[in-house]
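Since the structure comes first, as structure tokens, the remarks are kept for the end.
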Amino acid sequence: MIGKRLKRTSTQRAKAARSPPEVDRNTAEATGDQPRLGPVVGVGASAGGIEALIRLFEAMPAESGMAFLVVMHLDPTRESGLVHLLGQHSTMTVAEAADGMVIEPDHIYVIPPASSLTVDDGQLRLTEPVERRGARYPIDRLFESLARHRRERAVCIVLSGSGSDGTEGLKEVKAEGGCVLVQEPSTARFDAMPRSAIEADLADHVLAPEDMPDVLMRYARHTYAAGAELVEDRGPSDDGSIDPVLALLRTRAGHDFRHYKRSTLTRRIHRRMGLCDLHSVEDYVAILRSRPEEMETLARDLMINVTAFFRDPEAWTSLDETVLGPLVADRDSGAALRLWVPACATGEEAYTLAMLLVDRSETAGKHFDIKLFATDGRDDNLEAARAGRYAEGAVTGVPKHLLERHFDKLDGIYRVKDELRDMVVFARHNLLRDPPFSKIDLVSCRNLLIYLEPAAQKRALALMHFALRQGGHLLLGNAESVSGREDLFETISKKWRIFRRLGPTRHDILDFPLLPGRIRPDDKELAMADDDRPHQRIVDVAQRALIERFAPASVLIERNGQVVWFHGSTGPYLEAPPGEPSRDVLAMARHGLRAKLRHGVRQAIEEGRAVDFRVRIRQDGHEQAVAVTVAPLPEPSENLLLVSFRNLDDAPSSPGTADEGDIQITHEAFEDELRAARAELRDTIDEFERTNEELKAANEEVTSMNEELQSTNEELETSKEELQSSNEELETVNSQLVNKNHELVNTTDTLNNLLASSEIATVFLDKDYCIRWFSPSSKELLELVDTDIGRPVSHFAWKVQDEDLLSDARTVLQKLTGIDAEVRSSAGRWYLRRVLPYRTHEDRIAGVVIAFIDITVQKMAQDEVNEARLFAEAIIDTVRHPVLVLDRELRVQSINPAFSDAFNCSEDESKGYLLHELDHAAWDIPELRQLLGKVLSEGRSFDGFEIEHVFPNRGRRHMLLNARKLANGGDHANLILLAIEDVTERHDAETLRQTLINELSHRVKNMLAMVQSIGSQTLRQSSTLEEFKLAFKGRLNSLARVHDLLVSENWSGADLDQLVRRTMAPHGMEDRIRAEGPSLIMAPEAGVAMAMVLNELATNAVKYGALSDESGQLEVTWDREDRDDGPWIHLQWTEAAGRPVTVPARRGFGSTLIERSITHQLGGTAALNFREEGLHCDIAFPWHEAIRSRSPKES
Amino acid sequence: MLFPIEGLAGLRILVAEDEMLILLDIEAILDEVGCEIVGLVASVDAALTTIRLNDLDGALLDMSLHGKRITPVAEELVARGVPFLLCTGYGREPNDEAAIRDAPRLTKPFSTDSLRAAMNEAFKSVART
């Protein structure tokens, strides 16, 4: 056991020379504690995973030497019962993982909730998850750490679960050579997680959980997983043991891995052997021969290339700043940018670069023709890259804004948007075998060189140097460098491996593979037949044969003496010196040659011509004469010199064996021959040199032409890929067009039906007024059949009277606005004829559309409405009441003539004014506004509403208002019709009438009161009823008479003369009565009083006085008298010649009445003098009292 | 006698009436009931003078004397606390002055009895018992 371990350690040390970090870790591990720890198995499970875990662990034997790390997606807030549960179903020790715990065999470690479990040198590491909840990928984290620390001894199992957690981590595991087991999706309750791993082509075995332990045990037992004994047991020539596999891959599958690092290849081939449970390369080769799918699997595994979006973010940031920024800044918008990502794997690196570039150019506001060539040797990789679909876990490295900008999220998968996808051209290409692209601005080739042998690395670097334009940049992986080719690249960033191309294009270092074409799987037969040898043209064969036969042994040297080419057998002249290998020709020159050769070379360079000299070279004790020619080569190889050696035929001289004569003769003959031979030789050499020059030139030309052709070919290959994608696009577009066509057919059907059912006659005309199309219903107006399409519309007679149709159509075409007109058909129907421009979807005018819409019914209705309106307007205009129409704001809409007459307010001064502004705010009547508001809001009407308002111009007016809301028709919904009746005159007359009635009543009552007084007084004075009757009648008659007089004088006054005469008239006896005086008009009241007084006097005269007999005389005189206090009226009643008068014993009512009437009522004096000859009454009263009238009472 | 008239006897009464016949009638009635007639006036001015010069117990007033409203007289009487009776042919009107509106009325034409009854009612505050 110990010996084995030591042995392995020494082997690992030998390997450490090639890849130190990897081996150191293994060494440390190998010296770990007892018992030996087998593979560490990471188990990832999620939904439905408990059931799968139970099935797995129930089938697992107790002592396998393996340790299991179980990661599930657990609720971070709840205790996990998983430890307990698994403990019941497993014979192994189950423990909850804790930070720093040492991993021991036959243990199961379960992740606690809300943590991230990783491994580190045989210990568990437990950390807080850094990602937010919901974006955690704990399975990926575990698998990644297993890959990093356990390498080929990492075994990972993906069980039931939803999502894609684990897939990203498995990529690392595969890259490091670990083993991946995935649950058979049909046995999983949730198959998304297993499917994701299988679809990413990462599963080594797809099994039911209970079948996994068997595979695990076999894998653990296998030497690959157990250690490196397999390699070691083969002895020193172990590396060679994989050669048959590589040869098979090369010949059968077209994959040439000869340039790949042996260690990596060995590890991976052994891993496949481990998975196939094979222990010898021969067995494996047999399997490979019999199972082509294993060949493919192996090839895929060998080419594993781990990549990720923004892998090493700092490197990309640095690239972005130091390379992309200046690149975008230097180029003009619209320029081409060419980039190349060799070995692009599944495209992440290429898309990362494209995203950065797009971001840069958008920031700079430029648009570039971006060509990003992404190439890989694996078709399945390219397909995945072209699809551009990535699991959620794969895009975690993409910054959020770029993720949103460039990816569509579809059902848990992120898909690259077409814009970005179209920038990247994916093509199959093998960096080492296929010619490179050219004029590239940036080559990003990360983590490819590490897999290559140093020689292949140098070649790859040279190819990339060729591919880059002057000053172009190269980005390499973290562990890679341009070592060995420092002359080609200068370092821009040592840390992030950014380099810049130096110097001009170096064809000399280029080594384009001169294959007639790529070996594709189709070319297998040919490739095997040729056995990888270049096909040679017959002329080449001939030339080579000639040169080998006749040309002297030569070397081609540079001016500094470095040999670049050996031709023929140069061994007699040159030999390898001891010590470090050297190409210096002087160092190699054999004894005797060196000094002359140095001189000859110098001379040839200085003089620019061929220099001949002879030397004697000593070798193995004898000498040999040698003719040496140093010839500078013509352009373009002017820096090269050809040094040719030719043995001379002078055998070592053996003096004294022949006589002088013979010698002389022989010598001369030899001399001649030698001269001839020399001349011939010179010619031959010249010829040869010329030919050689030509060949060199031709070769150069062919090489460069070939380079160009190869580049062109590459471009063509790339173009082909573009064409194919274009073709795909066209196919897509075509299917879209087919769809669109279907839609159009449907739309056409719909439109046809619509037009047929609309009954609107429609005719489309083109720009020349020819018929393009017409609707079926237009046949009613135009005699048309389908064949009339294309004929000028002017050829047809319309059945409508529409002379303006064509001129309107012309106007529409010029002004591009529609024209409407009402036209009448010969059948008496009315149409709205509408002409509109015919616009195509590009907004181009292609003619006119004429539509005839039957409006007969509307037209008739409109006529009726118009008539009704005129009728109404005529009524409004002719009524004598002022009428006005108000809108909802009480703004005057119209007034009738009666209004303008009545309120002296013309239509101009009123229309459009608010009601309360009208006529200098004369109409600002709050109660009217309130009322109209009610009409508007409640829709009520009112009639006969009386208002009294003082108008500044017209004084107080009484008006009756009628208002109606005009509710008929939408436009009139809020109009008010207000009719005004001015009733001021009527109102005044009414007032006057009332006054008069009151006055009349008063008077009648007064009169009745007087009559009553007369009655009661008379009654009081009368002794008999006869007496009363007589007196009362006389007094009433007197009252009636004065009333007659007053009425006849229209109650304006009573003439004293008339009073006297009328009082006396009933008694007759005019011959005995003399009445004399001026006409004096007295006020009615004074007249009445005077009449009563005169009646008493007359009655007394007739009854007792002068008129009671046959002879008495009566004289009544009156006149005006001017006194101190103004004019007085003085009346004298004088009786004479009657019966003798006696003074009455008792003062009668008559006397009282006379006295009181004059004194009290008229303010005068009355004296009754009962003289013997007859009664004399002297009455005087002031004139002003008599005419003082009781004017109608003031109210 | 429907109404006692003893209380009215001896009351000093002013009569303002421009219609002489009615005045005579009133005068006769007042004589009958035993009132002392302080003045018989036919004008507003005369009535006011009489009021100021005499000590009155009551007054009978026509609404209007020669076209002049009796209002100043009525107001003077109200001010002096002298009761009065309006004898008028006019009915009550809304815009009558306060002194007129609140005074007791006797509508013309009136009978002797109705005058007596009205006086009895109007002058009961000053009636001699």
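Quick grid of which residues meet (1) in a loop (DSSP other than H, G, I, E, B); (2) of a type in the set (A, V, I, L, M); (3) closer than 22 Å to A:N692 by Cα:
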| position | (1), (2), (3) |
| --- | --- |
| A:N560 | yes, no, yes |
| A:P578 | yes, no, no |
| A:P581 | yes, no, no |
| A:L597 | no, yes, yes |
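Tell me which residues, restricted to the range A:689-721, are more than 47 Å from the chain's Cα centre (by Cα) and either in the same structural domain as A:D422 (by TED's automatic domain parsing) or aliphatic (A, V, I, L, M) (or both). Spell out the reasoning first.
Of the range A:689-721, the ones more than 47 Å from the chain's Cα centre (by Cα) are A:689-709.
Listed by number, the residues that qualify are A:L695, A:A697, A:A698, A:V702, A:M705, A:L709.
Given the conditions (1) surrounded by fewer than 17 Cβ atoms within 10 Å (Cβ to Cβ); (2) aliphatic (A, V, I, L, M); (3) within 20 Å of A:A374 (Cα to Cα), and given that A:A286 satisfies all but one, which numbered condition is not satisfied?
Condition not satisfied by A:A286: (3).
Could we say that A:E96 is touching a helix residue (DSSP H, G or I) at 6+ places or on another chain (Cβ under 6 Å), among the acidic types (D, E) and over 23 Å from A:V182 (Cβ atoms) here?
In short, yes.
Starting from residues that are charged (D, E, K, R) and in contact (Cβ under 8 Å) with a residue 24 or more places away in the chain, keep the ones in the range A:997-1043 and report whichever is farthest from A:H1067 (Cα to Cα). Quick ask: steps written out before the conclusion?
Initially, the range A:997-1043 is screened for residues charged (D, E, K, R), giving A:999, A:1003, A:1005, A:1020, A:1026-1027, A:1029, A:1033, A:1035, A:1041.
If we keep only those that are in contact (Cβ under 8 Å) with a residue 24 or more places away in the chain too, we end up with A:999, A:1020, A:1035, A:1041.
On the way: A:E999: 34, A:R1020: 25, A:R1035: 14, A:R1041: 14 Å.
Applying the filter and picking the extreme gives A:E999.
Which residues, taken from the range A:568-597, are charged (D, E, K, R) and farther than 24 Å from A:G621 by Cα?
Matches in the range A:568-597: A:E580, A:R583, A:D584.
Residue-by-condition table, conditions (1) modelled with pLDDT under 80; (2) outside any strand (DSSP E or B):
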position	(1), (2)
A:I605	no, yes
A:A625	no, no
A:V628	no, no
A:D662	yes, yes
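Out of the residues in the range A:675-728 that are among the aliphatic types (A, V, I, L, M) and in contact (Cβ under 8 Å) with a residue 24 or more places away in the chain, which is surrounded by the fewest Cβ atoms within 10 Å (Cβ to Cβ)?
Applying the filter and picking the extreme gives A:L695.
The rows are residues; the columns are (1) assigned to a helix (DSSP H, G or I); (2) under 24 Å from B:G67 (Cβ atoms); (3) modelled with pLDDT of 85 or more; (4) away from chain B (no Cβ under 14 Å).
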position: A:N1037; (1), (2), (3), (4): yes, no, yes, yes
position: A:V1042; (1), (2), (3), (4): yes, yes, yes, no
position: A:L1045; (1), (2), (3), (4): yes, yes, yes, yes
position: A:N1050; (1), (2), (3), (4): no, yes, no, yes
position: A:Q1058; (1), (2), (3), (4): yes, yes, yes, yes
position: A:A1075; (1), (2), (3), (4): no, no, yes, yes
position: A:P1078; (1), (2), (3), (4): no, no, yes, yes
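Could you please give the count of residues in the range A:996-1028 that are in contact with a helix residue (DSSP H, G or I) (Cβ under 9 Å, 6 or more places away or on another chain) and more than 10 Å from chain B (Cβ to nearest Cβ)?
Total satisfying the criteria: 6.
Examine the range A:1161-1180 for a residue that is part of a helix (DSSP H, G or I) and within 14 Å of chain B (Cβ to nearest Cβ), and state whether such a residue exists.
Yes, the range A:1161-1180 contains a residue that is part of a helix (DSSP H, G or I) and within 14 Å of chain B (Cβ to nearest Cβ).
Table: residues versus (1) assigned by TED's automatic domain parsing to the domain that holds A:S777; (2) touching a residue at least 24 places away in the same chain (Cβ under 8 Å); (3) polar (S, T, N, Q); (4) surrounded by 12 or more Cβ atoms within 10 Å (Cβ to Cβ).
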residue: A:I819; (1), (2), (3), (4): yes, no, no, yes
residue: A:V835; (1), (2), (3), (4): yes, yes, no, yes
residue: A:D843; (1), (2), (3), (4): yes, no, no, no
residue: A:K859; (1), (2), (3), (4): no, yes, no, yes
residue: A:I876; (1), (2), (3), (4): no, no, no, yes
residue: A:C905; (1), (2), (3), (4): no, no, no, yes
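Looking only at the range A:583-595, which residues are exposed (fewer than 15 other Cβ atoms within 10 Å of the Cβ) and either assigned to a helix (DSSP H, G or I) or on the phi > 0 side of the Ramachandran plot (or both)?
A:A595
Please find, among A:L74, A:L56, the residue that is part of a helix (DSSP H, G or I) and at pLDDT 50 or above.
Checking each option against the conditions leaves just A:L56.
If I ask for residues that are in contact (Cβ under 8 Å) with a residue 24 or more places away in the chain and either closer than 17 Å to A:G161 by Cβ or surrounded by 14 or more Cβ atoms within 10 Å (Cβ to Cβ) (or both), which ones from the range A:77-98 would you list?
Matches in the range A:77-98: A:S80, A:L82, A:V83, A:L85, A:L86, A:H89, A:S90, A:M92, A:A97.
Can you confirm whether the range A:984-995 contains a residue that is within 14 Å of another protein chain (Cβ to nearest Cβ) and under 30 Å from B:D25 (Cα atoms)?
Among the residues of the range A:984-995, at least one is within 14 Å of another protein chain (Cβ to nearest Cβ) and under 30 Å from B:D25 (Cα atoms), which makes the answer yes.
State whether the residues of the range A:1128-1140 include one that is at pLDDT 85 or above, away from chain B (no Cβ under 13 Å), surrounded by 13 or more Cβ atoms within 10 Å (Cβ to Cβ) and on the phi > 0 side of the Ramachandran plot.
There is no residue in the range A:1128-1140 that is at pLDDT 85 or above, away from chain B (no Cβ under 13 Å), surrounded by 13 or more Cβ atoms within 10 Å (Cβ to Cβ) and on the phi > 0 side of the Ramachandran plot.
So which helices (runs of 4 or more DSSP H) stay within the range A:267-374 end to end and still have 2 or more residues that are hydroxyl-bearing (S, T, Y) and closer than 20 Å to A:L420 by Cβ? Can you show your working first?
Working: elements: A:281-290, A:292-302, A:313-319, A:325-330, A:348-364.
Correct list: A:348-364.
Just give me the residues in the range A:1080-1098 being more than 11 Å from every other protein chain (Cβ to nearest Cβ), small (G, A, S) and within 19 Å of A:G1163 (Cα to Cα), in sequence order.
A:G1087, A:A1091
The values are calculated or read from the model by the stated rules, or taken from the named source; none is laboratory data. In this text the structure is predicted, and so the values were computed from the model without any measurement. Ideal geometry is used to build each Cβ from the backbone, glycine not excepted, and the neighbour counts take in all protein chains shown.
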